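A short write-up of the structure that comes next.
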Amino acid sequence: MNTRIALTTLFLTSALTSSAFAATVPDGTNLAENQTFTYRVLDEFSSFDPQVVEDVNGAAVVRDLFEGLYNQDADGNNVPGVALSHTVSADNKTYTFTLRDNAKWSDGKPVTAGDFVYAWQRAVDPKLASPYAWYMELMSIENGAAIIAGEKPITDLGVSAPDDTTLVVQLSQPLPYFDKMVSHATTFPAPKWAIEAHGKEWTRPGNMVSNGAYVLTEHVLKERSARERNNMYWDNANTVLEKVVTLNIGDEAQGLTRWRAGEVDRTEIPAGQYPSLKEEFPAEAYALPRLCNYYFTFNMKSGPEAFQDVRVRKALAYALDRNVITDQVLQGGQFPAYTFTPAATANFAVPGVDYAGMSQADRDAKAKELLAEAGYGPDGEKLSFTYLYNTSESHKQVAIVASQMWKQKLGIEVELANQEWKVFLETRGNQGFEMARGAWCGDYNEASTFLDLMTTPSGYNDGKFSNARVDELMVSAKSSSDTQPLYTEVEQILADEMPVIPVYHYSTNMMLSDAIQGWPINNVEQNWYSKDLYRVAD
Amino acid sequence: MLNYSLRRLAFAIPTIFALVIFAFYLMRLAPGGPFTSEKPLPPAVMANVLERYGMDEPLYVQLFTYIKNILCCFDFGPSFSQKDRSVNQIIASGFPVTLTYGFWSAVFVLICGIPLGVIAALRHNSFWDYLMTGLAIFSQIFPNFVLAPIMVLLFTLSWGLLPGGGWNGGQWQYIVMPAIGLGTSYMAGVARLTRGSMLEVLNSPFIRTARAKGLPERTIIWRHALKPALLPTLTYMGPVFVYMITGSVFIDVFFSTGGIGQDFIDGAYSRDYSVLLGLAIIYCVLTLSINLVLDLLYAWIDPKVRDAL
């Protein structure tokens with residue numbers, strides 16, 4: 001088999017420098033005696049089962065309890081987890097992972113390639129019916145889709161374990177970013193014997209067997225959970241934090257109060273409070289780039305007639321002063337957006353789309369011109385439409401500001417409507433809107449996680465934008481080794497066609513006690529591992 | 001009285017059934033379902049998920065299965081949002097919490113409310129009466145979403161006396177603020193009711209007779225006046241007690257107690273039908289049984305009511 005070994009070398013190198021993937025405590029650091037980290041979570045976890053967990057907070061716990069093929073380092077790059085390295089076949093469809101032989105489950109059993117095979121088969125098993133089966137489908141593993149559809153047995157999944165330390169994955173189509181997807185919770189190994197012994201109860205403290213740096217020791221529904229270091233973990237010697245506790249705090253303001261009282265080390269910042277908190281706690285208030293975008297989508301299928309005219313869509317996009325929204329309304333370190341894909345995305349250079357380079361005054365002038373050309377505005381037909389968003393204070397503020405801008409600059413009447421979250425999703429999914437709020441967080445750190453939304457077959461393309469060239473480019477991106485030109489062209493088409501108005505790219509706003517060190521502030525997916533953190537003495 | 005109790009119990013069964021059927025269909029009228037999400041599931045995945053929870057069946061079959069499982073095995077079904085938990089487990093985890101602080105809250109309401117009312121009535125139109133009445137009105141208009149943050153500000157942030165939230169196995173420090181936050185406005189209600197009825201009783205002929213007989217004032221109040229004066233309070237406390245032990249959504253969310261009030265709101269947002277239905281049933285059963293207990297208590301306190309049963 002012809003193999004490419006460039007990637008392999010990279011991982012082997014980092015595998016040899018072991019400090020790259022454990023808590024890196026500088027010499028002379030005065031570590032706290034009590035190595036406990038306590039943080040707030042908004043609501044109850046969906047599950048601690050790696051193949052079942054759906055929520056971000058649950059996935060963070062699962063990343064501590066289990067270890068997949070690769071982990072991420074502080075910058076979001078892959079570093080060895082259970083796998084030391086991998087090779088890729090010449091047709092880019094076969095990935096062979098070499099696993100470490102010293103990885104152990106918390107009950108002392110060795111972690112083998114077979115545990116991954118079992119877990120991956122489990123993830124697509126219609127009997128388990130994991131909602132995250134879609135992720136396995138996205139990974140293009142051979143026969144994945146057919147198994148989910150119940151057409152093939154789970155044993156046909158394109159994953160096998162020729163021996164205990166070799167895992168072979170067969171893809172149905174080349175996927176250049178496949179290796180980036182194996183640090184996701186759904187792909188973590190699962191202990192067959194524990195699951196068979198306890199059934200659904202296997203995720204309870206005491207029943208759970210896990211292979212990560214921590215083991216689950218306590219879980220009180222809707223109140224707290226605790227995990228403590230796993231003595232069987234292969235890199236346990238380099239773990240510093242002894243215990244990690246989550247406290248459920250439903251109210252954001254209350255989370256902040258309890259952070260101030262020292263009850264939690266980390267909490268989210270309530271909307272609009274970042275500037276004042278940054279002033280009060282300069283070293284503890286963070287606004288970090290995050291792999292999510294915020295946009296307005298036009299209903300291209302059944303929206304108002306005017307939205308069929310690209311000049312109207314562009315006029316609305318141009319007249320929106322994004323700096324006002326990020327700097328004066330949200331004030332949480334968000335980034336004004338002119339492209340769909342956030343700048344923070346790995347291996348992606350933001351293309352210079354024309355309107356991004358203009359001054360706001362020029363954009364406003366251009367917007368008026370475009371709208372007049374289309375026959376709307378002060379001298380033409382009166383334009384009005386409804387903007388739909390899901391009920392939330394900050395979405396409301398953005399909606400009010402945007403509608404005022406459009407009214408003052410272009411004379412457009414915008415009616416604002418809001419719906420409860422699930423009602424909103426249903427309405428938007430059925431194209432029951434004229435213009436609607438949209439937001440997307442990347443499933444993996446690569447531009448296609450965003451741009452795929454703009455393709456015709458995408459189930460998430462609620463505006464029903466359809467462009468043959470975009471579809472074609474995104475298909476070729478799946479097998480291309482140089483994707484930047486393709487993504488640049490897609491973004492150019494989006495800027496020319498403006499099926500959605502990019503508004504801003506998200507930031508993660510949090511208060512983190514300065515006693516907690518090692519937080520991966522540069523990891524735009526905010527995939528953090530407690531084993532990389534440590535607590536310093538006051 | 002046994003006959004009466006049995007009659008009431010027999011009537012409770014169709015009430016619960018009606019509630020289950022009504023709530024079952026009503027919840028499904030809300031747009032969106034438990035598996036509606038920002039990232040819509042591909043059709044094949046959705047089909048598997050629906051099948052897994054029996055939601056691919058017609059609604060009446062689902063309802064029938066639901067009722068059957070409750071009757072045969074006391075099984076309220078799986079939760080849709082907490083994937084590896086059953087509704088039984090969720091309620092078993094949250095209800096004791098709510099019950100505990102709800103109970104202490106009720107104790108707080110009675111221990112503070114009744115003496116306040118009695119004192120105000122005994123010192124009618126005096127400074128004490130005005131103070132008590134003023135205090136009662138003040139706490140009644142002071143909603144718990146104002147009171148709770150103020151308490152946290154004082155007891156947690158300023159004085160560091162109590163934790164700002166959590167439960168920690170129900171240690172007393174964690175119960176104080178939820179119990180007071182939940183109870184304050186009811187305490188005011190109890191005080192005002194007690195004052196009113198106490199005044200009425202104190203002016204009634206049998207109290208005059210007792211006084212004429214030369215009974216000591218303490219005996220008059222404790223033995224003769226208090227019991228009848230508490231009847232309206234009892235009526236008031238019935239539904240309030242159910243409300244207290246089934247949890248206030250606000251208190252549970254604000255103090256992160258882990259009680260079932262939180263499940264109401266989470267269940268509604270996530271369309272966790274089975275959790276909501278389970279809670280509705282609990283609420284219904286509790287209301288019915290506490291009302292029965294109250295009616296029996298009435299009979300015990302008031303001979304007139306006893307004869308009517």
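Nothing in this text is a laboratory measurement; each read-out follows from the coordinates by a stated rule. Predicted model only: the values in this text are computed from it and were never measured. We place every Cβ from the backbone using ideal geometry, glycine too, and count neighbours over all the protein chains shown.
Summary of values
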| quantity | calculated |
| --- | --- |
| Three-way shape label, chain B, alpha-carbon gyration tensor, a/c 1.5 | oblate |
| For the stretch B:190-309, size of Cβ-based charge dipole, Lys and Arg +1, Asp and Glu -1, in debye | 920 debye |
| Value of [θ]222 nm, deg cm²/dmol, for the protein assembly as shown, DSSP H segments ≥ 4, -39500 (n - 2.57) each, nearest 500 | -13500 deg cm²/dmol |
| Radius of gyration and maximum dimension Dmax of the stretch A:407-538, Cα, Å | 19.6, 59 |
| Candidates B:I251, B:I220, B:I175, ranked by Gaussian network fluctuation over chain B, Cα under 10 Å, top entry | B:I220 |
| Qualifying lysines (Cα of each under 21 Å from Cα of A:K422; at least 8 residues distant if same chain) | A:K396, A:K464, B:K39, B:K83 |
| Part-to-part distance (alpha-carbon centres) for the stretch A:139-179 and the stretch A:510-538, which is given in Å | 35 Å |
| Alpha carbon convex hull of the stretch B:2-73, projected area averaged over orientations, nm² | 6.5 nm² |
| Three-way shape label, the stretch A:289-508, alpha-carbon gyration tensor, a/c 1.5 | rounded |
| Highest-MSF residue in chain B out of B:K227, B:K39, B:K83 [GNM, Cα springs under 10 Å] | B:K39 |
| Inter-chain Cβ neighbour average for residues A:123-131, partner chain, 10 Å | 5 |
| Chain A - charge dipole about Cα centre, Lys and Arg +1 at Cβ, Asp and Glu -1, debye rounded to 20 | 280 debye |
| The stretch B:57-136 versus the stretch B:141-212: alpha-carbon centroid distance in Å | 16 Å |
| Residue among B:L59, B:P31, B:G134 farthest towards the positive dipole end of the stretch B:1-139, charges placed on Cβ | B:G134 |
| Cut-off 16 Å (backbone N to label point 7 Å along Cα→Cβ of B:N3), residues of the stretch B:270-309 | B:306-309 |
| Net charge contributed by nearby residues that have their C-beta within less than 9 Å of A:A285 (K/R +1, D/E -1) | -2 |
| Inter-chain shielding of A:213-224 (mean C-beta neighbours from other protein chains, 10 Å cut-off) | 5 |
| Alpha carbon centroid spacing (whole Å) that separates the stretch A:213-265 from the stretch A:401-475 | 36 Å |
| C-alpha long axis of helix B:231-245 to longest principal axis of chain B, angle in ° | 30 degrees |
| Residue mean of other protein chain beta carbons inside 10 Å, A:250-259 | 5 |
| Angle between chain B longest axis and helix B:127-141 axis [Cα atoms, degrees, rounded to 10] | 10 degrees |
| Nitroxide proxy distance, nm - points 7 Å out along Cα→Cβ at B:E217 and B:I301 | 2.4 nm |
| Rounded to 10°, Cα long-axis angle of helix A:360-373 versus longest principal axis of chain A | 60 degrees |
| Partners for A:K93 among aspartates and glutamates (Cα-Cα distance below 19 Å; same-chain residues under 8 apart left out) | A:E137, A:E142, A:D156, A:D179, A:E446, A:D482 |
| At most 16 other Cβ within 10 Å, DSSP loop - GluC sites (Glu not before Pro), the stretch A:90-161 | A:E151 |
| Prolate/oblate/rounded label for the stretch B:217-309 (Cα gyration tensor, a/c 1.5) | oblate |
| Average projected area [Cα convex hull, the protein assembly as shown], square nanometres | 42.9 nm² |
| Residue with peak Gaussian network fluctuation, chain B [Cα springs, cutoff 10 Å], from B:L135, B:L234, B:L29 | B:L29 |
